[in-house]
Every structure is written in C-alpha cells, then in structure tokens.
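Novice: Below is the structure I would like to discuss, written out as structure tokens.
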Amino acid sequence: MPPESRTVVFGAFDRHNLGDLLFVNVVAALLPERDLVFAGIADRDLSAWGGYRVEALARLADDPRATDVIVAGGEVLTCEAWEAAVMLLPDNEANAAAAHFGREAERRTEWAQRILGTARRAPYAPAKSMFSCPGRLIYNAVGGVEFATSEAALRDEVKAALRSADFISVRDRVTQAALAAEGIAAVLVPDCGALVAELFGNRIRERGLQGEPAAVCAAFPHGYLAVQFSADCEDDATLGTLARELDAAAQAAGCGIVFFRAGTAPWHDALDPYRRAAKRMQSHVHLFESAHIQDICALIAGSRGFAGTSLHGSIVAAAFALPRVSFVPPDVVTGGKPCKQDAYVATWEMAEQPGVVPLDSLAAGLAQALRADSLQLAAHSVRLAGLCREGSAQWIASLNLKIAQVQKAPGDGVLGAKRT
C-alpha cells in the first residue's frame, strides 16, 4: 500500500507576527477534522504566543508520503530570501547582518539562502517541484503588491510556483492584476483574518476579562484607542508627529491611548519607540507588554478603535466591527512603491472609514473613523467574513473536504490551541 497522504499548512508563522500567527489558527479552525502538519522555513515553537510548533518545510518535502500544501496567507509572493532570513534571527544578529550586507543585493541573497537552507529567492512561495511526492498546492488569500516591480529572477520563480498550484486566491486587486498580466488567474478573497471574530470571538472576549487586557480596561474607564506602529517610525520627527496627532485624537474622543506590538520579529515593532512617543504625550498612555495573540486581539476588541501601520491590526478591528485607520511610515509614502495597506483598503474597506492616511492627518482620520455608524460597521464585518468563508470553501473543496461550520455559537474556537 502507498504511504498515507498528509496536509501541510505552510507560512511565515515561524516568527512572531500577528497576521502570520492568525493565518495558521484560522486555517486550522477551518479544517478541524484534518490531521495537519504546520511548517515554516525553520523549526520553531511559537505556541507560547498563540502559534504552533512548526517544522522546516525543506525536511518535510523529502517525505515519501503524498503532501497537500496550503500556503496559509500573507505577503508571501514578494518576501525575498534576505527578508525571510533576517526576520528569523535574534535582534542583535539581524542588525549585524543588515549592517554588514547593506544594499549588496547579490551577496545578501547568497548569505540568506545559506542561512535558510534553500536556494529559493521567494522561500514562502513553494512549488510542487520541491516535493518528493506532491499532492495539491493551495495558495490562500496571499498578497504580492510589489510583484510587478520585483526583480525578474524572483518573479520567474514565483510564476513557476503558482502555475503548479491547484488553487490560488489573493487578497487585493493589485496582486490580482499583476498575476493576471502574467496569465495567472487568481480568485479575489479577503484576508482570512476577517474570520477572527466569527471563529474565536467569544474566547477573545473572555481573554479580555483577565490579565493585562482586563487591567487596561480598568485603567481606562472612558475607553482607549489601540495604537501600533512599526519600528521604522522611530526617528524623532516621526515620533513627534505621532505624539501630537494621538494627543489631539485622544482629547477629541475623550479617551486614552494604549500602545501595543503586532509583531516582535526583527523589522516589526519595538518597545523603545513606544516609550519615547509616550514621553512626548499629554494623554493617559499605557504600553501593552503582552505579545500573545489572544491578548492582542482582546486589546483591539475592547478598544474604541484602532490606528496603526499593521495591516492585521486593522483587519482584526474590522472583524470586530470597530473603527480603524491605517498609516504608513514616512519612507513608504516617499518611496513611491505600492504598499499592502493601500492595496487592501482600496479593495475591501467601506467608504465611511478613512483607510490609509498621512501621518500628519492621523487625528482627523481617527475623528472620521469614530463617526462611523455601528450598524454599518457590523454589516461590513459580516460581509467580509462571508466572502472569506466562500473563498475558503473553494480551496477546501479542492481538497475533497467540507468547510467547517460554526457550531452552537459563533466565536467559540480556541485561538492558539494545540491540536492533538
């Protein structure tokens, strides 16, 4: 008899980032009866933060069993080997690598491929040819807004991988159009984070009644805005603008500000810039220290609204029918490249929400966001979750499975639970 097949859920959940850790939980919840293997580029255990223990895909690829692979989501089509390698390192080693290689693209790619143990330029975009016994290959609501402007070698590798796939969905129209220009058809589906309230809402709200989330609610009787920004906002000028805009927003809304990290991997978020911003502010400010994704989601769910650079901070807020506003670091604005926040907002955001705003208009953006009708916010949340379910049903059907139905009450799933 041939060896039995298995299903591998693959993605960048070998490092700490809110979106990536949500993807793996959502896909696992949609396939409750399936015996799943979780994989990243490297062996890691993120269970302490609500993720999973993951195995290196390169080792799993040599297994003689037929292997179905689900790429769980994220901006995987344009994540280069260099970025992937750095984000898997401890902070001090990541900073040393960045300083050593600088802009020497070829040398740093060679270094990254040695670190990662793979010659792939886009290591989070697998192809069937990687596997000894390939099964079906699914790309679930992935992104790649810089695909059209990426280097030719990376584009060629990703195109070959996608052409070997059995199902492809993407989360924004920019990525969809870029692939269509190469003759690759992809279904347009919201990011699977849109299902977080439906699948895990009750558990997240329960989490909000204990620990640091509960302490925050007690400390802010008039409510708070959940605010996040990436480490590349750390220069004094940017922090000064942030402090001024957030003070104005908090005063207008009559509430406080709670800073939180949506990712602790290198090139994501850091505590020091938050501390420096808080010192410049007049508002009641708290620095949320927990990095567990249940606590992060509970913090957002319990807030008056979200502001930040994290796409998934905004997606979680939308899932819980909360006001939200996105901004991007100044170098993204001036760089002229497409960004995933703009692409996602343009594809899915309701007109009443401001979307991505310039940093010096953050207070005005938050004021607009907070004026939105709560019933419209709720209806939009339900719509996005429904579209995500429909899109998920398509790739689940290609695995000859049925999509999991929400049983008893919505939101009863356990976010970050270990499967047995």
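The values are calculated or read from the model by the stated rules, or taken from the named source; none is laboratory data. Everything numeric in this text was worked out from a predicted model, so none of it was measured. A quick note on method: Cβ atoms are made from the backbone with ideal geometry, for glycine too, and the neighbour counts reach across all protein chains shown.
Novice: Quick one: which of A215, A265, A231, A186 is within 17 Å of the chain's Cα centre (by Cα) and over 17 Å from P329 (Cα atoms)?
Specialist: Criteria check complete, one pass: A265.
Novice: Something else now. Go through region 180-197 residue by residue and tally those that are touching a residue at least 60 places away in the same chain (Cβ under 8 Å) and surrounded by 21 or more Cβ atoms within 10 Å (Cβ to Cβ).
Specialist: The qualifying residues number 9.
Novice: How many of the residues in region 47-61 are in a helix (DSSP H, G or I) and in contact (Cβ under 8 Å) with a residue 40 or more places away in the chain?
Specialist: 6
Novice: Scan region 301-319 and give yes if some residue there is charged (D, E, K, R) and surrounded by 24 or more Cβ atoms within 10 Å (Cβ to Cβ), otherwise no.
Specialist: no
Novice: Name the single residue, out of those in region 1-45 being aliphatic (A, V, I, L, M) and within 15 Å of the chain's Cα centre (by Cα), that is farthest from A194 (Cα to Cα).
Specialist: A12
Novice: Okay, next question. Condition first: over 21 Å from the mean Cα position of the chain (by Cα) and either at positive phi or in a helix (DSSP H, G or I) (or both). Now tell me which residues in region 274-313 satisfy that.
Specialist: R275, R276, A277, A278, K279
Novice: Tell me yes or no: at least one residue of region 27-46 is assigned to a loop (DSSP other than H, G, I, E, B), at pLDDT below 90 and in contact with a helix residue (DSSP H, G or I) (Cβ under 7 Å, 6 or more places away or on another chain).
Specialist: no
Novice: In region 11-26, how many are touching a helix residue (DSSP H, G or I) at 6+ places or on another chain (Cβ under 7 Å) and outside any helix (DSSP H, G or I)?
Specialist: Matching residues across region 11-26 total 5.
Novice: From the list P126, P64, pick out the single residue that is surrounded by 15 or more Cβ atoms within 10 Å (Cβ to Cβ), in a loop (DSSP other than H, G, I, E, B) and either at pLDDT 85 or above or touching a Lys or Arg at 6+ places or on another chain (Cβ under 7 Å) (or both).
Specialist: Unique residue meeting the criteria: P126.
Novice: Separate question: Can you find a residue that is within 22 Å of the chain's Cα centre (by Cα) and part of a strand (DSSP E or B) anywhere in region 148-165?
Specialist: no
Novice: Separate question: With modelled with pLDDT of 90 or more and assigned to a loop (DSSP other than H, G, I, E, B) as the only criterion, which of Q368, Q341, Q376, Q353 stands out?
Specialist: Residue meeting the stated conditions: Q353.
Okay, residues lined up against (1) in contact with an Asp or Glu (Cβ under 8 Å, 6 or more places away or on another chain); (2) in the same structural domain as P323 (by TED's automatic domain parsing):
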position	(1), (2)
A177	no, no
A181	no, no
R205	no, yes
G211	yes, yes
A214	no, yes
A218	no, yes
H222	no, yes
F229	yes, yes
D232	yes, yes
